[in-house]
Amino acid sequence: MTVRTAEHSDLPAILAIYNESGVGTTASADLEPITLEQRTAWFDEHIAGGYPVLVAEDDNGRVVGWASLSAYHRKPGYRLTAEDSVYVAPDRLGKGIGALLLPRLIEAGRAAGFHTIVAVIGGTNEASVRLHERNGFKHAGTIRDAVRKFDRWQDIVYMQLVLNDEV
């Protein structure tokens, strides 16, 4: 398994994983599939803004997971705080791919100069909570009934990792 910086050629695989694992489950608040045009604009914005996007590629060259940092909030005072995303192909869940991606994403965040990474996790996603705990994230709070998806309410768990104590 290889973890590397994502390229434009990875976008169809990133999109497929997101639409299955994110839109098709409670892992994201998106209700409709994302288009390749939308994902391309997202990718270009990330690269231009200095936000890392990584992929996990198996030994056959298949992208089986991806991770990114995104702007936590658009207001300038939040510029050193990023929100993480980690998605794994449904047929590869539980195989340690998230455990390979998240530490590399944290290091990429440090290298990019971020101070804090925030995880916004669907309250029923215990595997993601455990993954973040194993990588030093601390619980920062829960917002009850924050997302309405699949005809039910979902809590959102906030976790946080402070990368350094310096400004």
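The values are calculated or read from the model by the stated rules, or taken from the named source; none is laboratory data. Treat the numbers as computed from the prediction; the structure is a model and nothing was measured. We place every Cβ from the backbone using ideal geometry, glycine too, and count neighbours over all the protein chains shown. In case anyone asks, the SASA skips ligands and DNA or RNA and just uses the protein heavy atoms, side chains included. Shrake-Rupley method; radii C 1.70, N 1.55, O 1.52, S 1.80 Å.
Annotations
- Total residues in region 26-47, condition touching a residue at least 40 places away in the same chain (Cβ under 8 Å) and either closer than 25 Å to Ile106 by Cβ or open to solvent by less than 20 Å² (accessible area, probe 1.4 Å) (or both): 4
- Being at pLDDT below 95, under 15 Å from the mean Cα position of the chain (by Cα) and within 23 Å of Glu133 (Cα to Cα) is a description that applies to Ala29.
- Of all residues making up region 118-149, the number that are outside any strand (DSSP E or B), surrounded by fewer than 17 Cβ atoms within 10 Å (Cβ to Cβ) and modelled with pLDDT of 90 or more: 6
- Test: residue in region 152-166 that is more than 18 Å from the chain's Cα centre (by Cα), among the β-branched types (Val, Ile, Thr) and either assigned to a strand (DSSP E or B) or more than 19 Å from Leu69 (Cα to Cα) (or both): no
- Among the residues of region 1-18, those that are of a type outside the set (Ser, Thr, Tyr) and part of a helix (DSSP H, G or I) comprise His8, Asp10, Leu11, Pro12, Ala13, Ile14, Leu15, Ala16, Ile17.
- Screening Arg4, Arg62, Arg74 for residues that are closer than 23 Å to Arg134 by Cβ, basic (Lys, Arg) and open to solvent by 40 Å² or more (accessible area, probe 1.4 Å) leaves exactly one candidate, Arg4.
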